[in-house]
Each structure stands twice: as structure tokens, then as C-alpha cells.
Amino acid sequence: MSIYDPWAALIIISLAALGMNVISGILNRLFVYTPDLIAKRQEIQRIKQEYQEAKRLGDEKRLRKMEKKMQMAKKLEAEVSLKSMRPFIITIIVFWVMWGWLNSLYGGMGNFVILPFPLPIIGLTSNFFWWYLISSFAFSALTRRYFYPSM
């Protein structure tokens with residue numbers, strides 16, 4: 001079986017989508033969902049809730065105190081956001097390398113995937129781009145429960 005055979009192409013594209021989901025999940029688990037970042041996110045959420053409660057009650061003294069805490073929460077939020085960008089950048093680099101490889105293999109094949117039912121925008125047949133996207137969404141639903149903790 002040749003890698004240009006439509007069935008082989010479907011399998012290779014699907015495995016590439018699965019691989020990208022696994023790489024992204026592992027990187028996020030290592031860099032984003034660490035105990036310290038989870039604790040910081042929970043602290044930010046707690047401060048925001050306390051601030052909203054003070055606003056709702058109209059307690060001026062407590063509101064001024066909470067505004068200082070909100071400044072601290074904004075700094076924590078910036079730190080958490082910055083640390084969350086690392087896996088995204090690595091994933092994008094790996095994605096573009098993988099995408100270039102897939103495009104060189106299957107970019108010229110046109111619509112070779114026949115779907116069991118028509119999809120909006122895509123229709124009944126698709127090319128490697130749409131098949132990758134469908135596969136990636138499907139694998140994302142599966143890998144999410146293994147790599148991303150519920151918060």
C-alpha cells in the first residue's frame with residue numbers, strides 16, 4: 001500500500017491529528033496545569049469573587065481594600081498568561097512542520113475523502129485539510145479528558 005493511497009492518507013492524516021493533540025496535551029500538562037499555576041488561578045478567581053461581592057453589597061471600605069487585591073490578581077493573571085503561552089508556541093512550531101509535511105504529501109490530491117453524510121461548509125467530499133480538522137476535533141474530545149484536569 002502506497003502512502004498516496006486514499007485509505008493510507010486517511011490513516012496518516014488521522015495519526016498526525018492524534019499526535020498533535022497528544023503533544024499539545026503533554027505540553028499543557030507540563031507547563032500550564034502545574035499545581036502552582038492551578039493555585040494561582042484559584043486565588044485569582046477567589047479575589048474576583050470577593051471583589052464582586054463587595055461591589056454588590058456597596059461596602060466602600062471593603063471595596064477599596066479589594067481594589068488593592070485586584071491589582072495583585074491582575075499581576076498574577078499576567079504571569080499565568082505568560083506561562084500559558086510557552087506550550088502554545090512550541091505546539092505551533094511542531095504544527096507548521098507537520099503541516100508542511102502533510103501538504104507536500106496530500107496537498108495535490110484534491111477531494112479524496114468521501115464522507116458518510118454531507119457536512120455544512122464541507123459537503124460530501126473533502127480534501128486533507130478538512131479531514132485533518134475533523135480528525136483533530138474528534139481526537140481533541142478524547143484526549144482532553146486525559147491531559148486537561150477539570151477546574
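Where a number appears in this text, it was derived from the coordinates with a stated rule and is not lab data. Remember, it's a predicted structure, so these values are computed and weren't measured experimentally. Here the Cβ is made from the backbone with ideal geometry for all residues, glycine too, and neighbour counts use every protein chain on show.
In whole Hz, what ³J(HN,Hα) sequence does the stretch 16-26 give by Karplus (6.51, -1.76, 1.60; θ = phi - 60°), x for Gly and Pro?
Each residue's phi maps through the Karplus curve to give 5, 5, 4, x, 5, 5, 5, 4, 4, x, 5 Hz.
Give the aspartates and glutamates whose C-alpha is closer than 15 Å to that of Lys65, dropping any in the same chain fewer than 8 places away, or say none.
Counting by Cα, and skipping residues close in sequence, Lys65 has these aspartates and glutamates nearby: Glu50, Glu53.
Under a straight-distance cross-link criterion of Cα-Cα below 24 Å, which lysines are reachable from Lys61, leaving out those fewer than 8 residues away in the same chain?
Lys48, Lys69, Lys74, Lys75
Length gain on complete extension for the stretch Ile92 to Leu30, per 0.36 nm per residue less the alpha carbon to alpha carbon distance?
Details: separation 62, 0.36 × 62 = 22.32 nm, distance 1.64 nm.
Full-extension gain reported as 20.7 nm.
Can you give me the distance in nm between label points at Asn103 and Lys74, each placed 7 Å from the Cα along the Cα-to-Cβ direction?
4.0 nm
Mind listing P(r) for the chain? All alpha-carbon pairs, 5 Å bins, whole percents.
In order of increasing distance, the bins hold 2, 8, 13, 14, 12, 10, 9, 8, 7, 6, 4, 3, 2, 1, 0 percent.
Per residue of the chain, what 222 nm ellipticity follows from adding -39500 (n - 2.57) for every DSSP H run with n ≥ 4, rounded to the nearest 500?
Calculated mean residue ellipticity at 222 nm is -27500 deg cm²/dmol.
Rounded to the nearest 20 Debye, what is the dipole magnitude of the chain about its Cα centre when Lys and Arg each give +1 and Asp and Glu each give -1 at the C-beta?
On the way: 19 positive and 10 negative charges, 208 e Å.
Roughly 1000 debye, rounded to the nearest 20.
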